[in-house]
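Values quoted throughout were computed directly from the atomic coordinates according to the rules given, and no laboratory measurement underlies them. Just so it is clear, the structure is predicted and the values come from calculations on it, not from any experiment. All Cβ positions, even for glycine, are placed from backbone atoms using ideal geometry, and neighbour counts span all protein chains on display.
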Amino acid sequence: MANESGILETARQLVRLATAAGAEQCDVYAVRYDETEVTVRLGEIEKLVEAGSRSLGLRVITGGRTAVCSTSDFSEAALERLAKDTVELARISAPDEFAGLPDPEMLARTGGGELQLYDEAVGALTTEEKIRIAVACEDAARRYDSRITNSDGASIATRSGETALANSLGFASSYPSTLVQLAVEVMADDADGKKRNAYWFSSERMLHRLLDPEEVGRIAARRALDQLGARKVATKEVPVVFEPMTAVALMGDLAGCMSGSALYRGATFLAQRKGEAIASKLVTMTDDATAPGRRGSRPFDGEGVTGRRNVLVDQGVFRAFLFDSYTGRRTGNQTTGSAGRGVESLPSPVTSNLVWEAGATPAEEIVAGVKEGLYVRALMGFGFNPTTGDFSRGAGGFWIENGRIAYPVTEVNISGQMPEMLANIDAVGDDLTWFGGAAAPTVRIAKMMVSGT
């Protein structure tokens with residue numbers, strides 16, 4: 001049981017122990033992984049990490065009363081103790097009529113081999129190869145321009161492991177997965193001595209899909225240099241263009257309003273709006289756990305429910321919230337296979353691969369169509385109220401004049417109301433770009449308030 005191939009059997013055994021200890025329903029979420037991280041700064045190795053971990057969490061539901069306990073000790077005695085302790089904790093917890101495992105017919109039937117979640121090449125990378133990749137990435141950034149004066153380092157991280165889940169309904173399955181991520185951050189000196197820093201990254205399940213290290217470095221350097229000479233702008237209402245990375249951030253704010261947790265708590269402006277137009281017809285958003293090779297893909301969610309593609313917004317019409325079993329029951333809905341989970345936590349709705357579907361307009365035409373406006377390269381702060389839809393975030397990027405990038409801007413604020421912002425989207429680019437488990441194209445909102453700070 002202690003070897004790597006035994007994590008699923010360990011989960012099964014703990015289900016049997018918990019059932020024998022009096023659990024009416026239970027499930028076990030277990031993970032094991034090996035991870036590494038190599039960081040270089042100014043050409044020198046700064047950090048080398050190699051670590052392994054395994055842990056599991058047991059959820060017990062008895063009489064509507066729930067408890068979760070976790071351990072990294074897989075010995076027989078530790079598992080028996082965990083089972084008994086968790087059952088006892090459940091018996092003294094407050095009852096909840098909506099607590100329970102998923103309906104059996106919702107559980108996954110396949111192990112997800114077709115999803116391409118594991119790449120042997122990731123685990124086969126040697127320390128020397130990782131050092132070479134990180135050095136090449138940082139070196140490309142530092143050599144890009146003499147105005148790049150400092151570096152916060154380049155890091156490559158890998159993770160190889162297995163996720164397993166077993167429950168008292170008879171479900172038991174696991175899947176392997178890998179992850180490799182490369183990132184770098186560099187600084188440029190502005191004329192007034194202010195440091196302008198920028199970063200770039202690439203994050204993939206498959207090594208061959210990782211962006212070229214030198215290109216990651218060059219992008220980070222260009223983004224730092226692009227900020228030199230940044231200035232403030234006067235307050236005015238103008239079109240605002242979001243580059244793909246900031247469009248992902250905007251989509252993330254909206255996705256939080258589409259969670260079953262937000263719905264049952266009454267903390268979303270989308271309550272009672274399912275089936276209504278909430279955005280321009282140019283807007284289609286999906287959450288897809290079945291996309292092959294993508295970071296958020298999974299054959300089953302944190303409860304064992306089959307992963308699926310959920311359409312959230314279809315040509316402007318709001319189609320779906322994301323539910324796990326609990327939030328689905330609380331709101332009179334079914335799970336959408338969206339349960340996320342850690343070994344120490346209860347399941348809750350999360351996104352998998354969140355995608356703002358591409359449009360048909362080239363990104364350069366989106367900018368060319370703006371007489372005066374803001375091109376957003378960075379968003380700061382957390383100024384979004386999901387209950388009311390009020391949006392206000394710090395921003396940086398470029399000022400657009402007569403359809404061209406004119407100069408960099410900084411210390412500005414963009415604000416609006418999310419429903420109006422979505423309705424005023426008048427262009428969606430064809431340049432869909434992935435950032436880990438999310439993707440978006442360039443997006444233009446016809447008018448927002450831009451103010452100097």
### Task
Have a look at E97, E35 and point out the one that is under 25 Å from the mean Cα position of the chain (by Cα) and either surrounded by fewer than 16 Cβ atoms within 10 Å (Cβ to Cβ) or of a type in the set (S, T, Y) (or both).
E35
### Query
Has the stretch 269-281 got at least one residue that is in a helix (DSSP H, G or I) and surrounded by 18 or more Cβ atoms within 10 Å (Cβ to Cβ)?
no
### Task
Identify all residues within the stretch 202-258 that are more than 23 Å from A446 (Cβ to Cβ), out of contact with any Cys (no Cβ under 8 Å at 6 or more places or on another chain), part of a helix (DSSP H, G or I) and not small (G, A, S); write none if there are none.
L207, H208, R209, E215, R218, I219, R222, R223, L225
### Leading residue by the ranking (nearest to the chain's Cα centre (by Cα)) among those in the stretch 153-167 that are under 23 Å from A136 (Cα atoms) and small (G, A, S)
A157
### Task
Can you tell me which residue within the stretch 84-93, out of those that are among the aliphatic types (A, V, I, L, M) and over 32 Å from the mean Cα position of the chain (by Cα), is nearest to C26 (Cα to Cα)?
V87
### Query
Of all residues in the stretch 137-179 being of a type outside the set (S, T, N, Q) and without any contact (Cβ under 8 Å) to a residue 60 or more places away in the chain, which is nearest to R223 (Cα to Cα)?
R143
### Within the stretch 398-416, considering residues that are surrounded by fewer than 17 Cβ atoms within 10 Å (Cβ to Cβ) and in a strand (DSSP E or B), the one nearest to the chain's Cα centre (by Cα)
S415
### strands (runs of 3 or more DSSP E) wholly inside the stretch 308-396 that include at least 1 residues being more than 17 Å from A279 (Cβ to Cβ)
309-314, 372-380
### Task
Count, please, the residues in the stretch 285-307 that happen to be under 18 Å from M258 (Cβ atoms), outside any loop (DSSP other than H, G, I, E, B) and in contact with a Phe, Trp or Tyr (Cβ under 9 Å, 6 or more places away or on another chain).
2
